[in-house]
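Visitor: One structure, pasted below without further comment.
The values are calculated or read from the model by the stated rules, or taken from the named source; none is laboratory data. These numbers were taken from a predicted model, which means no experiment stands behind them. Virtual Cβ from ideal backbone geometry, glycine too; neighbours counted across all protein chains shown.
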Amino acid sequence: MQQTAQTHAEAYLKLCRISKSFAHNGLLLPVLDRLDLEVRTGELVALIGPSGCGKTTLLHIISGITPYDAGTILLNGRDLIDPHRHVAYMQQKDLLLPWRTALGNTLLGPEIAGEDLKRAEDEALQLFQEFGLAGFEHLYPAQLSSGMRQRVALIRTILCHREILLLDEPFSALDALTRSQLHQWLLHAWQRFRHTIIFVTHDVEEALVLADRVYVLTERPTNVKAIVDVPLPRPRQSTLPEFVQLKATLLRWLHVERDGFL
Ligand SMILES: Nc1ncnc2c1ncn2[C@@H]1O[C@H](COP(=O)(O)OP(=O)(O)OP(=O)(O)O)[C@@H](O)[C@H]1O
Ligand SMILES: [Mg+2]
């Protein structure tokens, strides 16, 4: 396969004691409570936790969309003051622009950054091929299936050419087969570009198929309940005894009350 992009630079992300509250009807809703998170260069880390615990808020904070109240975010040991230069974010909803074709949507990042568009288009076309989307480049989002839209959104995120990717439930609401194909596509892209990736999921198996490590988050105000290493070679079979055992561990952690014990 032809290589079109360089692997990415060092991207060691460290969040220290991040806190965030939102004001609701004059009351303060504490969402994140002195949360620590560490993602090493080229690591694929999953976040899993109850609905409404603050996973999207955390990604918003890392990407610079939402300010945080307290704590520190370090990239390679320095304050992350310009997240837009380092972080590409695939939001929970695919948010493709309906008036742009699939290809036009993926070129948004390079266009905004003023990059060489011919080169970006060549790269995009190759990714369309690799992601099973050849022939669909000139269709509009409304003419694509949801699995195709997710892939277009993923290609758009990759083409932002940032070393860190944040993916918020990138494969939700898809059938099992499409999901499994998307996992392989993501792993393929990750092994090729060596992005540092944080992704949110509600699916324990998905976390174990993809991640090097899984952060299990508590209920709000949210902190880290457990960090589970997944030292299994890829591709991972969900039927292997080691996988089944890790799944049981993760499920137990998810159901343990805050500050409880296994
Ligand atoms: N901009 C905002 N203003 C006020 N409250 C907010 C804002 N964004 C999020 N919240 C609140 O913060 C909490 C966490 O929301 P968030 O979307 O981060 O959760 P989540 O873990 O991503 O949930 P889900 O798994 O359902 O996607 C919720 O109670 C939500 O109402
Ligand atoms: Mg969310």
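Visitor: How about the stretch 178-194: which of its residues are touching a Gly at 6+ places or on another chain (Cβ under 9 Å) and of a type outside the set (D, E, K, R)?
Guide: 178, 181, 182, 185, 190
Visitor: Across the stretch 21-31, what is the number of residues that are more than 8 Å from ligand 1 (Cβ to nearest atom) and either assigned to a strand (DSSP E or B) or in contact with a Cys (Cβ under 7 Å, 6 or more places away or on another chain) (or both)?
Guide: Summing the residues that are more than 8 Å from ligand 1 (Cβ to nearest atom) and either assigned to a strand (DSSP E or B) or in contact with a Cys (Cβ under 7 Å, 6 or more places away or on another chain) (or both) in the stretch 21-31 gives 4.
Visitor: Hey, another quick one. Give, as residue ranges, the helices (runs of 4 or more DSSP H) completely inside the stretch 32-135 that count at least 2 residues that are within 16 Å of ligand 2 (Cβ to nearest atom) and touching a helix residue (DSSP H, G or I) at 6+ places or on another chain (Cβ under 7 Å).
Guide: 55-63
Visitor: What are the pairs, 6+ residues apart or on separate chains, where a residue within the stretch 221-235 that is more than 11 Å from residue 209 (Cα to Cα) has its Cβ under 7 Å from a residue that is of a type in the set (Gly, Ala, Ser)?
Guide: 222/49; 222/54
Visitor: Considering only residues of the stretch 42-68 that are loosely packed, with under 14 Cβ neighbours inside 10 Å and within 18 Å of residue 21 (Cβ to Cβ), which is nearest to ligand 1 (Cβ to nearest atom)?
Guide: 52
Visitor: Hey, another quick one. Residues in the stretch 225-241: is at least one over 17 Å from the mean Cα position of the chain (by Cα) and within 16 Å of ligand 2 (Cβ to nearest atom)?
Guide: No: zero hits.
Visitor: Just one of (1) acidic (Asp, Glu); (2) within 16 Å of ligand 2 (Cβ to nearest atom); (3) assigned to a helix (DSSP H, G or I) trips up residue 219, so point out which.
Guide: (3)
Visitor: Please state which one of 154, 144, 165, 75 is touching a Pro at 6+ places or on another chain (Cβ under 9 Å), surrounded by 15 or more Cβ atoms within 10 Å (Cβ to Cβ), closer than 20 Å to residue 186 by Cβ and in contact (Cβ under 8 Å) with a residue 24 or more places away in the chain.
Guide: Only one candidate passes the filter, namely 154.
Visitor: With the checklist (1) surrounded by 15 or more Cβ atoms within 10 Å (Cβ to Cβ); (2) of a type outside the set (Val, Ile, Thr); (3) within 16 Å of ligand 2 (Cβ to nearest atom) in hand, flag the one item residue 173 doesn't pass.
Guide: All conditions pass for residue 173, except number (1).
Visitor: When you go through (1) surrounded by fewer than 13 Cβ atoms within 10 Å (Cβ to Cβ); (2) within 14 Å of ligand 1 (Cβ to nearest atom); (3) farther than 25 Å from residue 23 by Cα one by one for residue 93, which number turns out not to apply?
Guide: So residue 93 meets the others, but not (3).
Visitor: Same structure again: Filter the stretch 192-207 down to the residues that are surrounded by fewer than 19 Cβ atoms within 10 Å (Cβ to Cβ), modelled with pLDDT of 90 or more and outside any loop (DSSP other than H, G, I, E, B) and list them by number.
Guide: Selection gives 205 alone.
Visitor: Follow-up question, since we're still on this one. Looking only at the stretch 212-236, which residues are buried (at least 23 other Cβ atoms within 10 Å of the Cβ) and within 14 Å of residue 44 (Cα to Cα)?
Guide: Passing the criteria: 214, 215.
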